[in-house]
Amino acid sequence: MKNIRVKSVCVFRKDGKVLLAKSFDPAKNEKYLSPVGGGIYFGERSADAAIREVQEEFGAEARKLKLLGVIENLFNFNNQEGHEIVFIYEAEFKDHSIYQKNVLQGIETNGHTFEARWYDLSTIKNSATPVYPKGIIEML
């Protein structure tokens with residue numbers, strides 16, 4: 001039996017730009033963008049999970065979280081069906097020097113490294129590169 005995954009993600013803004021991580025689906029040969037975040041543990045509040053994920057992935061503290069909305073995400077990744085409930089938070093970095101960096105190096109719990117960059121919101125709205133979960137752009 002397949003399970004529904006519950007996730008929490010954080011969106012950071014800077015001068016009309018948003019911080020998004022680059023990812024790749026090998027089965028579709030598709031590059032895409034998504035906010036940073038991950039799974040919520042049993043007994044953990046979604047806001048606390050978002051803060052923890054930012055800490056784990058960037059070694060940085062997120063604060064002033066504001067819930068933008070919740071998305072039910074049905075998708076296919078690497079030929080596997082997925083079903084997620086995603087809490088979308090907007091937040092700010094406690095360390096404001098992070099906003100001066102063009103690229104942030106991140107690391108997943110499994111050791112996989114990734115890059116997050118600041119993307120102009122108007123550009124990604126008109127870009128061929130999708131932003132997941134679907135519907136998040138409308139929240140921004």
Problem - Whole-Hz ³J(HN,Hα) from phi, Karplus 6.51 cos²θ - 1.76 cosθ + 1.60, for segment 37-47, glycine and proline x - result: x, x, x, 9, 7, 4, x, 9, 6, 4, 5
Exercise for the section: For the chain, list log₁₀ I(q)/I(0) at each q in 0.14 Å⁻¹, using the Debye formula over Cα point scatterers of equal strength and ignoring solvent, two decimals each. Expected result: -0.63
Problem - Around residue 18: net Lys/Arg minus Asp/Glu count, Cβ-Cβ under 11 Å - result: +2
Fill in the blank from the handout: Lys and Arg at +1, Asp and Glu at -1: neighbours of residue 111 with Cβ under 14 Å from its Cβ sum to -3
Completion exercise
Any residue on another chain or 5+ positions along whose placed amide H is under 5 Å from the amide H of residue 11 is listed here as 89, 90, 91
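If I take every Cα pair under 8 Å that is 6 or more residues apart in the chain, average their sequence separation and divide by the length, what percent do I get for the relative contact order?
Result for the chain is 31 percent.
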Fill in the blank from the handout: Rg (one decimal) and Dmax (whole number) from the Cα set of segment 49-95, in Å, equal 13.3, 39
Exercise for the section: Could you please state how large a percent of the accessible area of the chain is carbon and sulfur, counting protein chains only and using a 1.4 Å probe? Expected result: 49
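State the volume of the convex hull built on the alpha-carbon positions of segment 1-71, expressed per residue in Å³ and rounded to an integer.
On the way: hull volume 9.8 nm³, N = 71.
Dividing the Cα hull volume of segment 1-71 by its residues yields 137 Å³.
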Completion exercise
Contour minus Cα-Cα span, residue 139 to residue 105, at 0.36 nm per residue, comes to 9.7 nm
Problem - Cα-only radius of gyration and Dmax that characterise segment 73-118, units Å - result: 14.6, 39
Completion exercise
About its Cα centre, the chain carries a charge dipole, from +1 on Lys and Arg Cβ atoms and -1 on Asp and Glu Cβ atoms, whose size in debye to the nearest 20 is 240
Problem - Hull-based mean projected area of segment 101-140, where the convex hull spans the alpha carbons, in square nanometres - result: 3.8
Practice task
Select from 24, 49, 96 the residue farthest towards the positive end of the dipole of segment 1-103; place +1 on Cβ of Lys and Arg, -1 on Cβ of Asp and Glu, and compute about the Cα centre.
Solution key: 96
Practice task
With an 8 Å cut-off on Cα pairs and a minimum separation of 6 or more residues, tell me the relative contact order of segment 51-110 in percent.
Solution key: 38
Exercise for the section: Whole Å is fine, so just give me how far the alpha carbon centre of segment 101-123 lies from that of segment 49-64. Expected result: 13
Exercise for the section: Name the residue, out of 116, 128, 21, whose mean-square fluctuation peaks in a Gaussian network model built on the chain with Cα pairs under 10 Å. Expected result: 128
Practice task
Using label points projected 7 Å from each Cα along Cα→Cβ, tell me how many nm separate residue 28 and residue 97, to one decimal.
Solution key: 3.8
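The values are calculated or read from the model by the stated rules, or taken from the named source; none is laboratory data. Here the structure is a predicted model, which means the values were calculated and not measured. Neighbour counts are summed over all protein chains in view; Cβ atoms, including those assigned to glycine, are modelled from backbone coordinates with ideal geometry. Note: areas computed on protein heavy atoms with side chains; ligands, DNA, RNA excluded. Shrake-Rupley method; radii C 1.70, N 1.55, O 1.52, S 1.80 Å.
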